[in-house]
1. Which of Lys92, Lys172, Lys154 ends up with the largest GNM mean-square fluctuation for the chain, with Cα atoms connected below 10 Å?
2. Mind ordering 31-41, 108-118 by average Cβ neighbours within 10 Å, highest first?
3. So what's the Cα pair-distance distribution over segment 107-220, bin width 10 Å, in %?
4. Charges at C-beta only: +1 for Lys and Arg, -1 for Asp and Glu. How large is the resulting dipole of segment 71-208 about its Cα centre, in Debye rounded to 20?
5. Nearest 20 debye, what's the magnitude of the dipole of segment 2-247 about its Cα centre given +1 on Lys and Arg Cβ and -1 on Asp and Glu Cβ?
6. Let me know the charge dipole size of segment 145-252 about its Cα centre in debye, to the nearest 20, where only the beta-carbon of Lys, Arg (+1) and Asp, Glu (-1) is charged.
7. Once Lys and Arg get +1 and Asp and Glu get -1 on their Cβ, which of Gly223, Met177, Ala249 lies farthest toward the positive end of the dipole of the chain?
8. Using just the alpha carbons, could you tell me how many Å³ per residue the convex hull of segment 12-58 encloses?
Amino acid sequence: MKCVTLFRDNEHCWQAFGQDPDKPDNVVDTNQYVVRSGDAAILLDPGGMEVFPPMLAALTREIPVENVTALFLSHQDPDIGSSLPLWRRICKPDVKIYLSWLWAGFTAHFDRDAVFTTIPDEGMEMSLSHDVKLRFLPAHYLHSSGNFNVYDPKARVLFSGDMGAALVPADKGNGTMFVSDFAGHIQYMEGFHRRWLGSPQARDAWVAQMSKLDIDILAPQHGLVFKGDDVRRFMDWIAGLDIGSGLAAMNR
Ligand SMILES: [Fe+2]
Ligand SMILES: [Fe+2]
């Protein structure tokens, strides 16, 4: 599995893990992220149980697993956090697990013994260390009804979950984890966003909220990472996209 550093300032860094060449074809590709500050680390969307072995191997090439102080699950999907019981087995017993209050009882179906720190609908701030604070920002209905993004104002990185996700065929990658041709990348995002997003009001609220932030890097849970001008290009593109394509099947 690849590991790419998105941001580094001394002990503060963001790393993306993904594009595992050994991943079975029928398992949707995911990106897992780690935010580190000194000896503290949080895993953002640690992934499905299928990616746990390569993810653990890649992570422990970077940091000891004892440094993982927190796990964050943006929403309830299996590709987000079905690895949770496996992580809890190897992390310290006091590892914090952040999840929307809405999903705690449902996520218990794959880890009954997990104790969640539930995130209220309006979001919250968490301190990774004394000088790195992360904001869990509401992104409800995009696509999950209880869903959060993670913003780091110092690094100016937004982890956007399924917003910005792309399904890039393994043989169509550009060899990096970054978008290099926004127009050419749309084909890998369009069907996903049109089908998975159903609420134009939620989309508009997300664009309004995120447009107020300084974002150098927008890092989604699938596909390639946007940086620089491509962040604004993504905002402009999603703001005008016709979403809710699944409705067509109901309106016949
Ligand atoms: Fe999802
Ligand atoms: Fe996803």
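1. Lys172
2. Going from most to least packed, we get 31-41, 108-118.
3. Bins of 10 Å from zero give 12, 36, 35, 17, 1 percent of pairs.
4. Here the size comes out at about 180 debye.
5. Here the size comes out at about 160 debye.
6. Dipole size: approximately 200 debye.
7. Ala249
8. Normalising the Cα hull of segment 12-58 by residue number yields 70 Å³.
The values are calculated or read from the model by the stated rules, or taken from the named source; none is laboratory data. Predicted, not measured: the structure shown is a model, and the values here were computed from it. When we count neighbours, we look across all protein chains shown, and the Cβ atoms used for this are built from the backbone with ideal geometry, even at glycine. Accessible surface is based on the protein model in full, side chains and every heavy atom, while ligands, DNA and RNA are left aside. Shrake-Rupley method; radii C 1.70, N 1.55, O 1.52, S 1.80 Å.
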